[in-house]
Each structure stands twice: as structure tokens, then as C-alpha cells.
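**Q** The structure that follows is given in the form of C-alpha cells.
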Amino acid sequence: MTLPATLDEAVAALAAVPAAVPVAGGTDLMSSVNAGLLRPAALVGLGRINEIRGWQYQDGHGLLGAGLTHARMGRPDFAALIPALAAAARAAGPPQIRNAGTLGGNIASAAPTGDSLPVLAALEAVLIIAGPGGTRREIPVSHLLAGMEMLAPGELIGYVRVPLLHAPQVFLKATGRTGPGRATASVALVLDPARRGVRCAVGAIAPMPLRPLEAEQWVAGLIDWDGERGLVPEALTAFGEYVAAACVPDHPPAEDGTAQPLPPAVLHLRRTVAALARRALGRALS
Amino acid sequence: MSNETVAAPAPGAEQLPHGIGSSLPSAEIRAKTAGTFPYAADLWAEGLLWAAVLRSPHAHARIVSIDITHAQEMPGVRAVVTYEDVPGEPLHGRKTADRPVFASEVVRHHGEAIAAVAADHPDTARMAAAAIIVEYEVLDPVTDPEQSFEAAPLHPDGNLIRHIPLRHGDPEAAGEVVVEGLYRIGRQDPAPIGAEAGLAVPRPDGGVELYIASTDPHGDRDMAAACYGLAPERVKVVVTGVPGASADREDASFHLPLGLLALRTGCPVKLTATREESFLGHAHRHPTLLRYRHHADADGQLVKVEAQILLDAGAYADTSADALAAAVSFACGPYVVPHAFIEGWAVRTNNPPSGHVRGEGALQVCAAYEAQMDKLAKKLGVDPAELRLRNAMATGDILPTGQTVTCPAPVAELLAAVRDFPLPDLPKDTPQEDWLLPGGPEGAGEPAAVRRGVGYGLGMVQLLGAEGADEVSTATVKVHDGVATVICAAVETGQGFTTLARQIVQETLGIDEVRVAPVDTDQPPAGPSCHGRHTWVSGGAVERAAKMVRTQLLQPLAHKFGMSTELLQIADGKITSYDGVLSTTVEEAMDGKELWATAQCRPHPTEPLDADGQGDAFVGMAFCAVRAVVDVDIEIGSVRVVELAVAQDVGRILNPAQLRVRIEAGVTQGVGAALTENLRTPRGLVRHPDLTGYALPTALDAPDIRIVKLVEERDVVAPFGAKAASAVPVVTSPAAIASAVRAATGRPVNRLPIRPQAAVGAELA
């Protein structure tokens, strides 16, 4: 176990021992280690790297350190900047997990139920990856989650760059119980008044967050961006159904052209996504 | 188990609560809160080895071969045992010996033990277990209990574990109103907060000592001795701290291999199960399929109940026969039903084994008959609580088994108490950000989509083992040097027995400092900790022994003064006569002597159910009424239980604080059964055997629990007139929650746990 103090030292430590595994909060990794599923030859602890434990402003963007904990992101000062990410952080499990688990860890483990992921997808966040020799490269978060671009050996997620939109944002999550639990479906929705856009991502129902792009464009065209911004309830409902139909599609018709019904559990998932998307848009525009 | 007692108060200090009826705190409470209480997983012995158990990855397979050579050759491995190494009986079981210690030819469920390894490091043991090469021929699993009747026998004993065709009354009887329903109850896991663990230590005489958190030490000892081919006295079970038990604890698939490995290696062997192994190993609540038809007259009086009840026993019989008897006997609930035709089956499948979990059998039928009562109320247009009141059972009524209810049965009083309790306020007058909506504080709840529902449940459970089980317990009380000690093999599982034993001795002997000795099988048996038996029989045995000591203490004094011992009182360490003439201290009367007495308590005998399901099978019964208030997000189908109002028939309150805790714990377990707890086993394979996938209620899921009324009508046959309190709230609260969700959504809700799609409002579904 090494405990580097800077991002570049951490990258160097990973390069020195290629079998080493980086660990930040350890909420995912250590449960695998404890269960005997994983025996890393060495660990590189990221907890002492102060430069990635906070955030800074950069050209109208927030540059978020990958070591930000969920607990820190849930606090009011952060919530004033990026409300949806703060809401997702507050919903991400019990206090013990939120105190330890980090933004970078949530991205790196890329669990389908990772609560920050649909928010980052809706914000079109960009990851800043630290590589050997002090190099930095940028990957859109959706590319990493979709597997279009991967981290190379020895690379680490250093920062996450998100736009500061100065407009309402909502994160809503459906779970099986009232206490902390994994999402059965989640919706992140952000308004981008400067670009007159609505961006929405649906989490937990697929291996990666899903973006209903057509529904976003359709609803953005309905909103009076210079006026009241509100929409009639029928439009909110139609948006919810549009999002749900895009993210939980019908089965293709059988060869003889008859419609293939969805099983009740899938229909319920679609109904849940529709309700979450409708509520999220309603709250963002209210 | 810790013997630490709360220190006696200094003279002049505030008197601690003592005696029956006081809220005496548990003696272990400090050690438990300080983290120094020794549980089985904390045990250590010089030179101990670590065990690991190899478990079947298949639900049903033929074992072609088992090759242990690679595992044996691994450095650090000291022994590998399989079915060939079981010296005694190859089969064991709590009721029926039908379960192999290690699978030999066939594996019948996912997680069945096949071999065990002892090594000098836990990781080595696990790796060696993984290095055992088992060649399987995978067979089609029978996972649907309805298929079990037709399927080829899964076991030499056949697939039908028990069939009870209960016939009571006139089969031709019919009512003007008929309601029918089909209900399914899921597989609840006892999910003890501490997973199974144990230590086996070989003895110089060729025997072995098992240090385990057993809830039935003598039963476990006999089972172990039979498998090891040893006389029972050469196996000793020493009970360690029990980290939670709402079911049988210490699954035999852990402790039987543990002792075998200790005998084989001559070294102490320890095992601590992972959470996954714990889920795979121990018995679950019986998943149940129920079909009901209720007949009533136009006034809502029940005429006849017809029901078919199918219990999925899993791969082995365990205590399924008892669970079926409870399910069939209580199939109509605490209602007067003149004609009942209940057919019950417990069948074998390749699902994980089912067994004793608090309120087994009774919980499943309660959810079904209460759903039927709601249906009937709707059809008749009667208030659901009113319909239940019209049919409520009372003392003197007859169960469908033909047994007359002789104990107090204040069912109508309980129901009226919860019905008349004021409903909780709607949160509309508080700031919206303070509302706790379904889905939780960071959830998606929207006030406009939330509907509130109120529902009722009436439940009953048996007290003590049924159908002729010998429910005897033995206890010894010793007094020496101003300290009383209770020696009784009743295991403190968290149910509060040791506190109760101390209170009984305080009450009878007037001695405040009472200790309870740790439990092992050198003591006379007290039986398993289930069906509230220790409150009844072990409490009764302690009381009798304490009374015998009292007589020994007072007899010489009484003789000296020419009065009977009944005219002498003991209180606060002083002995006084009724007229105040005699006054002496207990210490003086003891005169340095040591007084011992041992006594037994054995309740009146019961009889097995006959071929028609008739018989006086139960010693006693306890009843409970629950009113549930729920909020349901009718679009997403998320449910939050806002409040559960409980009224319970407790006979007599022995320890008010402890009683409340038992009821609150039971209700919360019921919330889990109603909403989230279901161990899923597609194709017989346990999915998500962890506490993320298996969602227990958290503090946010636990509702406000209002204990509205505790009815103290003493049961004359029970010691102190008290009834055990833990099981009946577990049984009743799921039914009440389902009833409330029905009221909120207008949906039938015929499955537990309630799935979100079943709690979507009727107008949206």
C-alpha cells in the first residue's frame, strides 16, 4: 500500500507496480476484497491527494476533484452550484458510505445503479485523466461509461469538469424501500438556458445512463425560455411518456406483425421512468 | 455468555427496578453496548485451525465424483472431510433425519454442504475448499412446489412431507356471499445480524466440545453426537453469545463439519460464515401458495372457509410438518367459523430449505385470511373493522381443529382498541421539506401522487410446541452469600429470558443480586428457544425452584415460631412475619448455608392432529390486532408505513420495557416481510445473498409503533399468567400493511412482499 500525496505521484506509483489497484473510498473495492473475490497485489491509496478532494472554478465550469466524497457534495454550498449532483450524492446510500465513497470511485466502478452517473451524463461532464509523465487527456463521461474509450493502464481519473448552468436541476430516484437503497430507476434533468436546452438522463435501468435525445429536443422547443418557462400538465405527461418509451422500448413486433407485450415488471419500470421524468421536468420548471 | 450483573445499589442510592412487573434492564446491556460481549465469532483457542465448507453451486445435480487430492496436498491444509468421513449417522434433521451431513450422491439445493476443510489460515481453508474437484451431472431442479407432486422423488422419503386434510363441520354448508382469492407469500430470511460462527475443541476422552450460538443446545448436541457416532455425553455444546435469533440458529451444515474436523485433526477448529454462506445455509420462512374461498351470510357472519395451503419446504423436511400444522390450524384466523375444510401440504423442492422462523405457518395464512376479510367487507359494503368484529373469536369458541379456546382470547377488545385509537395527522400543516414521503427523504415522492390507506390485521400464534411435543424445562436456583444463581439451559437469544429469570428470583426470594449461569449441555435440557417456550416453561421452572429454595430458607424459622411459611414475607433482604412480630434478615436466616433446588415445569399434554386435522394440539395461543396506516405513491408503487397501532393479548406484563421492545422488533420484522424481504431463487439458485440485495427495514422504514393496549387477562395455565409476546406481532403486521395498501390503492394486493407494480393505483394500473 502506497499513499501518494499528488496525482502525478499516484500515477507513478501505478506505473511502478502495474498490478497495483488504486483505492479511494473503498466502498466497492473493499467489499470484494473482504469477500475474498479480489486479492490485489498492491494498493495505491488516493485518500491523501489533497488536490483532488475539493473543487475550483474554470471558465464557467466547475472542476471537481475525483476524490470529493458524497458527503461533501451533499452540502449546501455544493448544492448551490450543481444541485442535481448534490441531490444524487445525498441519495447515495447510508452516511457511512457517503462519508467514504467518492465521485471518481462512482465513475470508475461504473455500477449501473451509481447515483452520480445519470447526473454527469445529463451535464455532459468531461473527465480529466491523469497519465504517466504528467500528461492529461479528456474523455466525455458518456464515452467512458459506454466503453467507447477506456482508461489505459496506469491512468487515473483526476477531475470531472461540469458546466455551471445557473438554472434548476433535479435528480429523482425510485428505490425499493424508504431507507437508503439502490435505485430501481433514476432520472437526472438539467436546464441549460444559455443553450436553450433540456438535458435528461435515466439511470439504473441499463448498464449505463440513457439519454432520450429526441424527447429532450422536443420539450426544449416547447419551453418559453424568455418568459415563464412553465408547461401545461399534459406537456409534462407527454414528456414523461416520451422519455419512458425511448428508454424502455417496446419489443419489436413478431414476424407476423403482432405486437409483443412487455412483461408486467418491465411495464412498471416504464411507468416509473415516465413518472420520474414528468416530476423532474415539472420541478425544474416550477 | 456474560455473567456481569448490574451492581447492587449502595445503601441510600436510588433503588434499581426489581421483581416481576418492573423494567429491570438486561444484565448484558453494558457489555453489548461497549462491544465487549463475547459472541461466537470472537472465540479463540491456542493453535486453532480454520474451517471452510464447500457448497453446491447447483440446485439439483448428481455427484459423479469428488476429488480431494489437490486440496489435501495444499500446504497448510490439515484435513478434508466428505460424506465418507462421517463416522455415525449420515443423516440428521430437527424433526425427521433426512438431511445428509455432506451430500454424497445428489445435491438437492444450492448451498448444500459437500465437503469441509481445516487449514492453518482461513484463506487457505477457503482456497482448499475451492480446489476440491466435484464432477456434477446437473439435473433439472424442481422449484415450483405445484410441480413437486408430479415430479420424480427428489429424496428416498418422497416429495410429500406432510398432508393435512382438515375437515370440520358440514361440507354442504354454503353462504349467500362468496369471495375467493389466490395468495403468494415470499421467502423471508431470518437474517441474523451476526452470521453463523463456532469453535470446536477436541477433548482428551475422544469427545468434542462445540462452542456455538445454539438456540437448542441439547437438540444440537444429540444431532452432532449421532453424526459423530459418539455417546451424547461425550459431545458438549457450550452456548456462546447469540447475535440475533428469530429462527433456529446455528445451521447444522456449519457445526457438524466443525466438530468432525476437530475430531479428525485433534486441534481446535473455528469457522465464521460469510454473509453469503449464512444466506445459503440456514432455513428460511416457507414460501406459500394459498387458495381461499370464504362463505358468509348477508350480515357478514362467516359460514364456511375452504382453503388449500401449499408450503414449499425446500429440499429437506426440517420443521415443515410443524409449520404446516400451524398453517392449517390457524387458517381461519381468530374468527368463529362453523365449517372449515382446509387442505394443507408441505412438499419437497430443490429450493433452499425452509424451517422455523418466528410465526411460521401462521404469518402466511394471516396475510391470506385477512385479504379475504377485506374482500368480503368490500363485497358486502361493510366497514372492514366492523366485519372483523362481527366474527371475532372469544374464549370458549372452537378452532377448526375442534379444540376449544380455553385461554383468554380478547380479540374484539384488541380490535376495538386499535380501531378507536386516533389516526395520525396528515403532514399538511408542516413544511413540505419535512415530509417523509414514500421513497425516502431523497426519493422521488410527490405529494399529489400519495394516497393514505388504513388497514387492519388480526393474528394468532400458538404458544409452545404443538401436537404432543414434550415441552419440559428444568431449572436450578442456588443461593449463597446473598447472591442467587439461576442455572437453566434456556438460551438467551435476545428474547430477554435471563432478565426474566432474575426478576422471578428477585420476586420470590427477595434477593436483588441474581446471576444467570452460562448455558451448556451438562445442564438438564430446557428445550429450543421458540414458540415463546422459555417465558412459559423455563420461567415456570425457575419460579418453582425459587419457591423450593424459599421453603428451605423459611421452614426452620416457621417451625421455630409455630407458623406456616406462607405467613412469612421476604422483601428487600428482610424476612418478616404477617403480624410483624418476627423480623430478621435473609443473611441471618441463611447462616452461611448454601441452598439449592431444582424443579421442572411441564405444561399439560397436547395431542397430534388426526386424519381429519382434528385434535387438541396447542397448549396456548396469543392474539394481536394491528392497524396499519400507509402512504403509497400510486404512480411508482412505493409504500411507506406511517404508523402501526398494536394491541396485544399478553396475559400479564412481566417487564414493561422488554415487552415493548419485543413488540416493536416483531412489528419491524413484519414490515420487512410485507414490503422488501424476499430471498429470490430463480431456478433454485439464491440470488443476491447479501444485505444489499436482500433489503431489511432500516430506521427510516420502521414506522411509528403505537402500543395502544396490552390486555392483561391472565392465562390460568401459564406460569404468572403471562403469554410470550414476540411472534404474534410478526404474524399480524404484514397482513395489516397489505390491508392498508389495498385501501390506499384499490388493488387486490395478494402477494407478499408487496411489489411496487402491485401498489400502483387501480386507476393507473
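Each reported figure results from applying straightforward, stated rules to the coordinates on display, with no laboratory input. None of the values given here were measured: they were computed from a predicted structure. Note that we place each Cβ from the backbone using ideal geometry, even for glycine, and neighbour counts take in every protein chain shown.
**Q** Given bins 10 angstrom wide, list per bin the percent of all Cα-Cα distances in chain B, short to long.
**A** 3, 14, 23, 24, 20, 12, 5, 1, 0
**Q** Still on this structure, I have one more. Using the C-alpha gyration tensor of region A:169-285, what are the square roots of 5 times its eigenvalues, in whole angstrom, with the largest one first?
**A** For region A:169-285, the semi-axes come out at 26, 19, 12 Å.
**Q** Using modelled backbone amide H atoms (1.01 Å from N, in-plane), which distant-in-sequence or interchain residues come within less than 5 Å of residue B:515's amide H?
**A** Here the answer is B:484, B:485, B:486, since their amide H atoms fall under 5 Å of that of residue B:515.
**Q** Sorting A:161, B:533 on the 10 Å Cβ count, fewest up front, what's the list?
**A** A:161, B:533
**Q** Calculate, in nm to one decimal, what residue B:581 and residue B:569 gain on full extension: separation in residues at 0.36 nm each, minus their alpha carbon distance.
**A** Result: 3.1 nm gained on full extension.
**Q** Something else now. Kindly rank B:731-738, A:116-123 from highest to lowest mean number of other beta carbons found within 10 Å of each residue.
**A** Order by mean packing, descending: B:731-738, A:116-123.
**Q** Applying the Karplus parametrisation 6.51 cos²θ - 1.76 cosθ + 1.60 with θ = phi - 60° to the phi angles of region B:287-298, what ³J(HN,Hα) value in whole Hz is obtained for each residue in order, glycine and proline being reported as x?
**A** x, 9, 10, 10, 10, 10, 9, 9, 10, 9, 7, 5
**Q** Taking neighbour Cβ counts within 10 Å as the exposure measure, how do B:428, B:593, B:709 sort from fewest upward?
**A** In increasing order of surrounding Cβ atoms, one gets B:428, B:593, B:709.
**Q** Okay, next question. By DSSP, what percent of the beta bridges with both residues in chain B are antiparallel, rounded to the nearest 5?
**A** Antiparallel: roughly 75 percent of the beta bridges in chain B.
**Q** Among B:692, B:535, B:185, which residue has its Cα positioned farthest towards the positive end of the charge dipole of chain B, with +1 placed on the Cβ of Lys and Arg, -1 on the Cβ of Asp and Glu, and the dipole taken about the Cα centre?
**A** With unit charges placed on the Cβ atoms, the residue in question is B:185.
**Q** Which residue, B:398, B:719, B:351, has the largest displacement toward the positive end of the dipole of chain B when charges sit on each Cβ (Lys, Arg +1; Asp, Glu -1)?
**A** Highest projection toward the positive end goes to B:398.
**Q** If I model a spin label at residue A:152 and residue B:680 as a point 7 Å from the Cα along the Cα→Cβ vector, what separation in nanometres do I get?
**A** A separation of 4.1 nm, rounded to one decimal place.
**Q** Continuing with this model, one more query. Counting only chymotrypsin sites (Phe, Trp or Tyr not before Pro) that are in a DSSP loop and have at most 15 other C-beta atoms within 10 Å, tell me the longest site-free stretch of chain B.
**A** It runs B:150-434.
**Q** Using only the C-alpha atoms of chain A, find the volume of their convex hull and express it per residue in Å³.
**A** 154 Å³
**Q** Normalise the Debye intensity by I(0) for region B:472-601, one equal point scatterer per Cα, no solvent, then take log10 at q = 0.10, 0.11, 0.14, 0.16 Å⁻¹ and round to two decimals.
**A** Listed by q, the Debye log ratios stand at -0.32, -0.38, -0.59, -0.73.
**Q** Something else: Want the number for residue A:143 to residue A:255: 0.36 nm per residue separation, take away the alpha-carbon distance, what's left?
**A** 36.8 nm
**Q** Further question: Just the projected area, averaged over all directions, of the convex hull on the alpha carbon atoms of region A:50-163: how many nm²?
**A** Result: 6.9 nm².
**Q** Explain nothing, just compute: Karplus ³J(HN,Hα) = 6.51 cos²θ - 1.76 cosθ + 1.60, θ = phi - 60°, for every residue of region B:175-180 in order, whole Hz, x for Gly and Pro.
**A** Those phi angles translate into x, 6, 10, 10, 10, 10 Hz.
**Q** Next up: Which of rounded, prolate, oblate describes the protein assembly as shown, given a ≥ b ≥ c as roots of the alpha-carbon gyration tensor eigenvalues and a/c under 1.5 marking rounded, otherwise prolate only if a/b is larger than b/c?
**A** The shape class here is prolate.
**Q** Follow-up question, since we're still on this one. Could you give each residue of region B:22-27 its phi-based ³J(HN,Hα) in whole Hz, using Karplus coefficients 6.51, -1.76, 1.60 with θ = phi - 60°, and x for Gly or Pro?
**A** 9, 8, 4, x, 5, 5
**Q** Where both partners of a DSSP beta bridge lie in region B:618-765, what percent of those bridges are antiparallel, to the nearest 5?
**A** 60 percent
**Q** Can you give the helix-only mean residue ellipticity at 222 nm for chain B, where every DSSP H stretch with n ≥ 4 adds -39500 (n - 2.57) and the sum goes over all residues, rounded to the nearest 500 deg cm²/dmol?
**A** -7500 deg cm²/dmol
**Q** Tell me the GluC sites (Glu not before Pro) within region B:420-481 that lie in a loop according to DSSP and have at most 12 other beta-carbon atoms within 10 Å.
**A** none
**Q** For helix A:264-285, what angle does its Cα long axis make with the longest principal axis of chain A, in degrees from 0 to 90 and rounded to 10?
**A** Between the helix axis and the principal axis of chain A, the angle is about 90 degrees.
**Q** Which one of B:175, B:68, B:149 is farthest out on the positive end of the charge dipole of chain B, using unit charges on Cβ (Lys, Arg +1; Asp, Glu -1) and the Cα centre as origin?
**A** Value computed over the given set: B:175.
**Q** Now for a different question. Under unit Cβ charges (Lys, Arg +1; Asp, Glu -1), what dipole magnitude, rounded to 20 debye, does the protein assembly as shown have relative to its Cα centre?
**A** 1540 debye
**Q** Continuing with the same structure: Taking the C-alpha atoms of region B:69-127, how large are the radius of gyration and the largest Cα-Cα span, Dmax, in Å?
**A** Using the Cα atoms of region B:69-127, the pair Rg, Dmax is 13.2, 40 Å.
**Q** How long is region A:112-185 along each principal axis, judged by its Cα atoms, biggest number first, in Å?
**A** Projected onto its principal axes, the Cα set of region A:112-185 covers 47, 30, 20 Å.
**Q** Please list, in chain and number order, the residues 5+ apart from residue B:161 or on another chain whose amide H is under 5 Å from its amide H, with Hs placed from the backbone.
**A** Those lying under 5 Å, H to H, from residue B:161 are B:346, B:347, B:348.
**Q** To the nearest 0.05, what FRET efficiency results for residue B:182 and residue B:301 with a Förster distance of 22 Å applied to their C-beta separation?
**A** Efficiency for this residue pair is about 0.35.
**Q** With +1 on the Cβ of every Lys and Arg and -1 on the Cβ of every Asp and Glu, and nothing else charged, how large is the dipole of chain B about its Cα centre, in debye rounded to the nearest 20?
**A** Dipole size: approximately 440 debye.
**Q** Any chance you could run the full-extension gain for residue B:67 through residue B:714? It's 0.36 nm times the residue separation minus the Cα-Cα distance, nm to one decimal.
**A** Once the chain is fully extended between residue B:67 and residue B:714, it gains 226.8 nm.
**Q** Can I ask one more? Taking neighbour Cβ counts within 10 Å as the exposure measure, how do A:200, B:530 sort from fewest upward?
**A** Ranking A:200, B:530 by Cβ neighbours within 10 Å, fewest first, gives B:530, A:200.
**Q** I'm checking a number: the convex hull volume of the Cα atoms of region B:207-261, normalised per residue, in Å³. What is it?
**A** Expressed per residue, the convex hull around the Cα atoms of region B:207-261 is 66 Å³.
**Q** Could you list which residues have their amide H under 5 Å from that of residue B:314, counting only those 5 or more apart in sequence or on another chain, with H placed in the peptide plane?
**A** When sequence neighbours closer than 5 places are left aside, the close amide H contacts are B:349, B:351, B:354.
**Q** Over what distance in Å are the Cα centres of region A:187-208 and region B:660-681 separated?
**A** 37 Å
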